[in-house]
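There's a structure below that I have some questions on.
The values are calculated or read from the model by the stated rules, or taken from the named source; none is laboratory data. Note that the structure is predicted; figures quoted are calculated from it, not measured. Virtual Cβ from ideal backbone geometry, glycine too; neighbours counted across all protein chains shown.
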(Lines give C-alpha, C1' and ligand atoms only; values in the text may rest on other atoms or scores of the structure.)
Protein backbone atom coordinates (compact mmCIF):
# COMPACT_ATOMS: atom_id res chain seq x y z
CA UNK A 1 0.00 0.00 0.00
CA UNK A 2 1.22 3.51 -0.77
CA UNK A 3 2.48 5.55 2.18
CA UNK A 4 1.55 9.16 3.03
CA UNK A 5 4.05 11.93 2.63
CA UNK A 6 4.48 15.38 4.08
CA UNK A 7 3.69 18.02 1.48
CA UNK A 8 4.39 21.09 3.62
CA UNK A 9 4.70 22.39 7.15
CA UNK A 10 3.53 25.84 8.16
CA UNK A 11 4.35 26.32 11.87
CA UNK A 12 1.99 23.87 13.65
CA UNK A 13 0.09 23.02 10.47
CA UNK A 14 1.09 19.80 8.70
CA UNK A 15 -0.09 19.21 5.14
CA UNK A 16 -0.24 15.52 4.28
CA UNK A 17 -0.82 13.61 1.05
CA UNK A 18 -3.18 10.83 2.18
CA UNK A 19 -3.25 7.64 0.11
CA UNK A 20 -6.51 5.85 -0.57
CA UNK A 21 -7.19 3.20 2.07
CA UNK A 22 -5.86 5.26 4.99
CA UNK A 23 -8.05 6.87 7.65
CA UNK A 24 -7.20 10.25 9.13
CA UNK A 25 -7.26 9.27 12.82
CA UNK A 26 -6.88 6.02 14.79
CA UNK A 27 -9.83 3.64 15.05
CA UNK A 28 -10.55 0.54 17.11
CA UNK A 29 -9.48 -1.53 14.11
CA UNK A 30 -5.72 -1.85 14.59
CA UNK A 31 -5.30 -3.10 11.02
CA UNK A 32 -6.24 0.31 9.59
CA UNK A 33 -3.41 2.69 8.79
CA UNK A 34 -4.02 6.24 9.99
CA UNK A 35 -2.38 9.62 9.43
CA UNK A 36 -2.15 10.65 13.10
CA UNK A 37 -0.06 7.59 14.00
CA UNK A 38 2.02 7.96 10.85
CA UNK A 39 2.82 11.62 11.58
CA UNK A 40 4.04 10.69 15.06
CA UNK A 41 6.12 7.70 13.95
CA UNK A 42 7.55 9.24 10.77
CA UNK A 43 8.05 12.84 11.92
CA UNK A 44 7.89 12.75 15.73
CA UNK A 45 4.76 14.91 15.93
CA UNK A 46 2.76 13.80 18.97
CA UNK A 47 -0.79 14.86 19.79
CA UNK A 48 -1.81 15.85 16.28
CA UNK A 49 -5.40 15.58 15.06
CA UNK A 50 -7.01 16.24 11.69
CA UNK A 51 -8.48 19.66 10.98
CA UNK A 52 -11.08 18.18 8.62
CA UNK A 53 -12.19 14.81 7.29
CA UNK A 54 -11.48 12.92 4.10
CA UNK A 55 -13.07 9.59 3.21
CA UNK A 56 -10.92 6.51 3.64
CA UNK A 57 -11.39 5.66 -0.05
CA UNK A 58 -10.26 9.12 -1.23
CA UNK A 59 -6.66 10.24 -1.69
CA UNK A 60 -5.34 13.78 -1.47
CA UNK A 61 -4.53 16.74 0.73
CA UNK A 62 -5.32 16.64 4.47
CA UNK A 63 -4.44 19.16 7.20
CA UNK A 64 -3.34 18.05 10.68
CA UNK A 65 -2.12 19.99 13.70
CA UNK A 66 -1.03 19.28 17.30
CA UNK A 67 -2.41 22.70 18.30
CA UNK A 68 -6.00 22.59 19.58
CA UNK A 69 -6.27 26.35 19.11
CA UNK A 70 -5.20 26.18 15.47
CA UNK A 71 -7.49 23.21 14.78
CA UNK A 72 -10.42 25.13 16.23
CA UNK A 73 -9.63 28.21 14.14
CA UNK A 74 -9.25 26.29 10.89
CA UNK A 75 -12.15 24.00 11.75
CA UNK A 76 -14.44 27.03 11.86
CA UNK A 77 -13.36 27.92 8.33
CA UNK A 78 -14.38 24.45 7.15
CA UNK A 79 -17.64 24.51 9.14
CA UNK A 80 -18.52 27.93 7.72
CA UNK A 81 -17.67 26.73 4.18
CA UNK A 82 -14.96 29.36 3.73
CA UNK A 83 -12.36 26.86 2.48
CA UNK A 84 -12.27 26.42 -1.30
CA UNK A 85 -11.89 22.74 -2.17
CA UNK A 86 -11.07 21.21 -5.53
CA UNK A 87 -11.20 17.51 -6.39
CA UNK A 88 -10.45 15.39 -9.43
CA UNK A 89 -12.70 12.49 -10.40
CA UNK A 90 -13.08 9.93 -13.16
CA UNK A 91 -16.76 9.16 -13.74
CA UNK A 92 -18.81 6.88 -15.95
CA UNK A 93 -20.20 8.19 -19.21
CA UNK A 94 -19.90 11.41 -21.22
CA UNK A 95 -20.43 14.53 -19.09
CA UNK A 96 -21.39 18.07 -20.18
CA UNK A 97 -18.72 20.75 -20.38
CA UNK A 98 -19.82 22.11 -17.00
CA UNK A 99 -22.71 21.67 -14.60
CA UNK A 100 -23.94 22.68 -11.16
CA UNK A 101 -25.57 19.96 -9.06
CA UNK A 102 -27.92 21.54 -6.54
CA UNK A 103 -29.82 18.94 -4.56
CA UNK A 104 -30.32 18.69 -0.81
CA UNK A 105 -28.78 15.67 0.90
CA UNK A 106 -30.12 13.93 3.98
CA UNK A 107 -27.97 14.26 7.10
CA UNK A 108 -28.49 11.27 9.40
CA UNK A 109 -26.97 12.98 12.43
CA UNK A 110 -29.22 16.03 12.13
CA UNK A 111 -32.11 13.94 10.80
CA UNK A 112 -32.99 16.35 8.01
CA UNK A 113 -32.03 17.30 4.47
CA UNK A 114 -29.36 19.99 4.12
CA UNK A 115 -28.51 22.23 1.19
CA UNK A 116 -25.76 20.76 -0.99
CA UNK A 117 -24.17 22.28 -4.10
CA UNK A 118 -21.45 20.76 -6.27
CA UNK A 119 -19.98 22.24 -9.46
CA UNK A 120 -17.89 20.42 -12.02
CA UNK A 121 -16.23 20.98 -15.35
CA UNK A 122 -15.08 18.32 -17.78
CA UNK A 123 -11.34 18.24 -18.39
CA UNK A 124 -11.24 15.25 -20.75
CA UNK A 125 -13.63 12.71 -22.26
CA UNK A 126 -12.76 9.11 -23.07
CA UNK A 127 -14.80 6.31 -24.65
CA UNK A 128 -16.61 5.18 -21.50
CA UNK A 129 -15.73 7.82 -18.91
CA UNK A 130 -14.94 11.48 -18.26
CA UNK A 131 -12.27 13.22 -16.20
CA UNK A 132 -13.61 16.06 -14.05
CA UNK A 133 -12.52 18.99 -11.94
CA UNK A 134 -15.01 19.21 -9.06
CA UNK A 135 -15.77 21.95 -6.54
CA UNK A 136 -18.03 21.12 -3.58
CA UNK A 137 -19.49 24.45 -2.45
CA UNK A 138 -20.98 22.87 0.66
CA UNK A 139 -19.51 20.19 2.91
CA UNK A 140 -22.00 17.35 3.26
CA UNK A 141 -20.87 13.80 3.92
CA UNK A 142 -20.11 11.95 0.67
CA UNK A 143 -21.49 14.97 -1.18
CA UNK A 144 -19.49 14.61 -4.39
CA UNK A 145 -20.06 10.87 -4.52
CA UNK A 146 -23.81 11.18 -4.03
CA UNK A 147 -24.32 14.12 -6.38
CA UNK A 148 -22.39 12.56 -9.25
CA UNK A 149 -24.22 9.24 -8.85
CA UNK A 150 -27.58 11.03 -8.82
CA UNK A 151 -26.57 12.89 -11.99
CA UNK A 152 -25.95 9.58 -13.75
CA UNK A 153 -22.16 9.82 -13.55
CA UNK A 154 -21.07 7.65 -10.65
CA UNK A 155 -17.37 7.72 -9.83
CA UNK A 156 -15.30 4.88 -11.26
CA UNK A 157 -14.56 2.38 -8.49
CA UNK A 158 -17.54 3.48 -6.39
CA UNK A 159 -18.85 0.68 -4.16
CA UNK A 160 -21.46 2.57 -2.13
CA UNK A 161 -23.12 4.94 -4.62
CA UNK A 162 -22.94 2.55 -7.52
CA UNK A 163 -23.69 3.38 -11.16
CA UNK A 164 -27.00 2.38 -12.68
CA UNK A 165 -25.07 0.92 -15.59
CA UNK A 166 -21.47 -0.29 -15.50
CA UNK A 167 -19.21 0.55 -18.42
CA UNK A 168 -15.81 -0.99 -19.03
CA UNK A 169 -13.03 1.42 -18.09
CA UNK A 170 -9.56 0.23 -19.18
CA UNK A 171 -6.84 0.09 -16.54
CA UNK A 172 -9.12 -0.01 -13.48
CA UNK A 173 -6.92 0.62 -10.43
CA UNK A 174 -9.10 -1.08 -7.80
CA UNK A 175 -10.07 2.00 -5.79
CA UNK A 176 -12.44 4.95 -5.75
CA UNK A 177 -11.32 7.40 -8.44
CA UNK A 178 -11.62 10.54 -6.32
CA UNK A 179 -8.73 12.78 -5.31
CA UNK A 180 -8.68 15.88 -3.07
CA UNK A 181 -6.41 18.04 -5.20
CA UNK A 182 -6.44 21.52 -3.66
CA UNK A 183 -7.39 23.49 -0.54
CA UNK A 184 -7.42 27.28 -0.37
CA UNK A 185 -7.80 28.87 3.07
CA UNK A 186 -9.51 32.25 3.59
CA UNK A 187 -6.13 33.87 4.31
CA UNK A 188 -4.93 32.95 0.81
CA UNK A 189 -2.76 29.95 1.66
CA UNK A 190 -3.07 27.19 -0.93
CA UNK A 191 -2.11 23.54 -0.52
CA UNK A 192 -2.11 21.00 -3.34
CA UNK A 193 -1.58 17.25 -3.56
CA UNK A 194 -0.50 15.86 -6.93
CA UNK A 195 -2.65 13.14 -8.41
CA UNK A 196 -1.95 9.75 -6.86
CA UNK A 197 0.44 7.68 -8.99
CA UNK A 198 -2.08 4.93 -9.75
CA UNK A 199 -4.65 7.49 -10.91
CA UNK A 200 -2.13 9.33 -13.06
CA UNK A 201 -1.11 6.02 -14.60
CA UNK A 202 -4.66 5.18 -15.59
CA UNK A 203 -5.16 8.62 -17.12
CA UNK A 204 -2.06 8.13 -19.25
CA UNK A 205 -3.36 4.73 -20.37
CA UNK A 206 -6.74 6.19 -21.33
CA UNK A 207 -5.05 8.98 -23.29
CA UNK A 208 -3.03 6.44 -25.24
CA UNK A 209 -6.04 4.46 -26.48
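Is it fair to say residue 6 is in contact (Cβ under 8 Å) with a residue 24 or more places away in the chain, surrounded by fewer than 18 Cβ atoms within 10 Å (Cβ to Cβ) and under 30 Å from residue 156 (Cα atoms)?
So residue 6 passes the test.
Could you figure out which of (1) in a strand (DSSP E or B); (2) at pLDDT below 95 isn't true of residue 81?
Result: residue 81 passes all but (1).
Quick check on residue 153: is it surrounded by 20 or more Cβ atoms within 10 Å (Cβ to Cβ) and either assigned to a helix (DSSP H, G or I) or in contact with a helix residue (DSSP H, G or I) (Cβ under 7 Å, 6 or more places away or on another chain) (or both)?
no
Which of the numbered conditions does residue 107 fail, given that it passes all the others? Conditions: (1) modelled with pLDDT of 95 or more; (2) under 17 Å from residue 140 (Cβ atoms); (3) in contact with a strand residue (DSSP E or B) (Cβ under 9 Å, 6 or more places away or on another chain).
If we test residue 107 against (1) modelled with pLDDT of 95 or more; (2) under 17 Å from residue 140 (Cβ atoms); (3) in contact with a strand residue (DSSP E or B) (Cβ under 9 Å, 6 or more places away or on another chain), just (1) comes out false.
Working only within segment 121-150, note down all residues that are assigned to a strand (DSSP E or B) and within 14 Å of the chain's Cα centre (by Cα).
Within segment 121-150, 132, 133, 134, 135, 136 meet the criteria.
Additional query: Please work out which one of (1) under 27 Å from residue 7 (Cβ atoms); (2) touching a helix residue (DSSP H, G or I) at 6+ places or on another chain (Cβ under 6 Å) is the condition residue 101 fails and give its number.
(1)
For every residue, the table says whether it meets (1) modelled with pLDDT under 95; (2) under 23 Å from residue 137 (Cβ atoms); (3) in a loop (DSSP other than H, G, I, E, B).
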{"site": "3", "(1), (2), (3)": "yes, no, yes"}
{"site": "31", "(1), (2), (3)": "yes, no, yes"}
{"site": "57", "(1), (2), (3)": "no, yes, yes"}
{"site": "63", "(1), (2), (3)": "no, yes, no"}
{"site": "88", "(1), (2), (3)": "no, yes, no"}
{"site": "91", "(1), (2), (3)": "no, yes, no"}
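Just the residues that are without any contact (Cβ under 8 Å) to a residue 24 or more places away in the chain, more than 26 Å from residue 188 (Cα to Cα) and surrounded by 13 or more Cβ atoms within 10 Å (Cβ to Cβ), please, taken from segment 71-119.
Across segment 71-119, the qualifying residues are 102, 104, 106.
Then there is this: What about residue 167, is it farther than 29 Å from residue 6 by Cα and assigned to a helix (DSSP H, G or I)?
Judged against the criteria, residue 167 is not a match.
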